[in-house]
1. At a Förster radius of 35 Å, what calculated FRET efficiency corresponds to the Cβ-Cβ distance of residue 145 and residue 325, to the nearest 0.05?
2. Compute and list, largest first, the equivalent-ellipsoid semi-axes of region 1-63 from the alpha carbon gyration tensor, each √(5λ) rounded to a whole angstrom.
3. Please give the length that would be gained between residue 294 and residue 265 if that part of the chain were fully extended, namely 0.36 nm times their separation in residues minus their C-alpha to C-alpha distance (nm, one decimal).
4. Over 31 Å between C-alpha atoms is what I'm after, so list which of 217/239; 217/246; 92/246; 131/201 land there.
5. At 0.36 nm per residue, and after removing the present C-alpha to C-alpha distance, how many nm does the segment from residue 177 to residue 11 gain when stretched out fully?
6. When the Kirkwood radius is taken over all Cα pairs of region 301-421, what Stokes-Einstein diffusion coefficient follows at 4 °C and 1.567 mPa s, in µm²/s?
7. Counting only C-alpha contacts under 8 Å and six or more residues apart, can you give the relative contact order of region 1-63 as a whole percent?
8. Which ³J(HN,Hα) values, rounded to whole Hz and listed in residue order, are derived for region 410-420 from phi using the Karplus coefficients 6.51, -1.76 and 1.60 in 6.51 cos²θ - 1.76 cosθ + 1.60 with θ = phi - 60°, glycine and proline given as x?
Amino acid sequence: MEQVLTITQLNAKGEGISLDAAGHTILTPFTLPGEVVRGEVSLPLTHEAARADLLEVLTASSERQPAPCPYFGTCGGCQLQHMTPDFYVRFKKDQVIDSLRQQGVEAFVEDPVVLPPHLRRRINFKAQKVKGKVLLGYHQRRTHKVLDIHECPLLKPELSTLMTPLREVLLSILSPQEEVNLFLTLAENGIDMVLDFKQGKTLTLEMNQRLVEFGQKHRIIRMGMGEDLLFQREEPYVKFAGHMVKIPPNPFLQTSQEAEALLVKYVVENLTKPSKRIADLFCGLGTFSVPLADHGAVDAYESNKKSIHYLNYSQAKNPSPHKLQGIQRDLFVYPLTPQELNTYDVVVLDPPRAGAPAQVKNLVASQMRHVIMVSCNAQSFARDARILGKGGFMPGPIHLVDQFLWTPHMEMVASFRRPSP
Ligand SMILES: C[S@@+](CC[C@H](N)C(=O)[O-])C[C@H]1O[C@@H](n2cnc3c(N)ncnc32)[C@H](O)[C@@H]1O
């Protein structure tokens, strides 16, 4: 049903909120406060809110700008390209401030460092063969259909330029309707690529050969299919603070080298020096552990077996100045106990989006005085900051790194200290 909607404010996802005549909430993406728009209202999302598709902006906000990407609105990737840069920064900073306020956490939130486009070094493309053509790109907004795109302003050029050749090689590999997920990571020495076929796949010798040739031509130094290795010409590696670390297929890395450098800077700057013993929890491949091991001995904990294997393997080849050991452990099930925590001078914590309440509770129960928390989720960050606050930990300034350009997400780093009893 078509309706004229007046947007009063945005929710945390950046969707415009309006009320209809009966007082029901309607959420309209790609709108701004103060705008009057025409929307196609669909059935209620929840008992509290319905959703509308934006049909036309009748009265535009002065904070509206033309989207930099031709696929904006159709592609499921970016939601906030219609905001002017000033409005965008304020909106994203306010989300963090609001989350902290909701949890009763008082902290100084710095202005975000907004990183420019064309920096992203990891991407997951979707591809499907439809009517004799390969569609390649991302999921279309709110569907699982592949949106065929030919450019993406987020990506490093080394990854964007692969779109056309990928379509070409996949044309002879995909069967009609077949879908594949492609995970590409730009390492220092080339590209790591993993193909994940939705329905499983057996490659013929010819297909295999085509992929090998494609790899040779386009700097793909390692290619895998699911868990299997198709070829490896070199071991892909990245550098953390100048130290070489080999990476597993489709690794977790911060989105760009530039974002990673900023996050590492904030973590290391906040370190009390000297810190003899450091724990890095949810360490991944050692984004923070490796730079931290320039300053003290590091125990790096992580549940992913491959990450720990590659971290320890890289350390064996290129040891850090101080001892760094990767330890596989599920920190949700077995968070470090207060007794274990007491053996460290500082704990760095970078949990997944859900946060780490169990671990944070043990930090409060320990005698630790200093925690540095990194997070990509303002809600779980604020909740965990509240738990720390109740235990006497006071946050320093919260650094914001906008590494998820044009999305509502933000990366945060903050140091929490508590006085000696
Ligand atoms: C946001 S990433 C951070 C990784 C790393 N600190 C970095 O910056 O590259 C979160 C990490 O937590 C790990 N993880 C997820 N669940 C976990 C759990 N239950 N126990 C330990 N680690 C977990 C993931 O494998 C991932 O490496």
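The values are calculated or read from the model by the stated rules, or taken from the named source; none is laboratory data. Please read these numbers as outputs of a predicted model, since none were measured by experiment. Virtual Cβ from ideal backbone geometry, glycine too; neighbours counted across all protein chains shown. Surface accessibility is based on the protein's heavy atoms, side chains included, excluding ligands, DNA and RNA. Shrake-Rupley method; radii C 1.70, N 1.55, O 1.52, S 1.80 Å.
1. Efficiency, rounded to the nearest 0.05: 0.15.
2. 17, 12, 10
3. 9.2 nm
4. 92/246
5. In short, 56.0 nm is gained.
6. Once the numbers are plugged in, D ends up at 84 µm²/s.
7. In percent, rounded to a whole number, it is 31.
8. Those phi angles translate into 8, 9, 10, 9, 8, 9, 10, 10, 9, x, 5 Hz.
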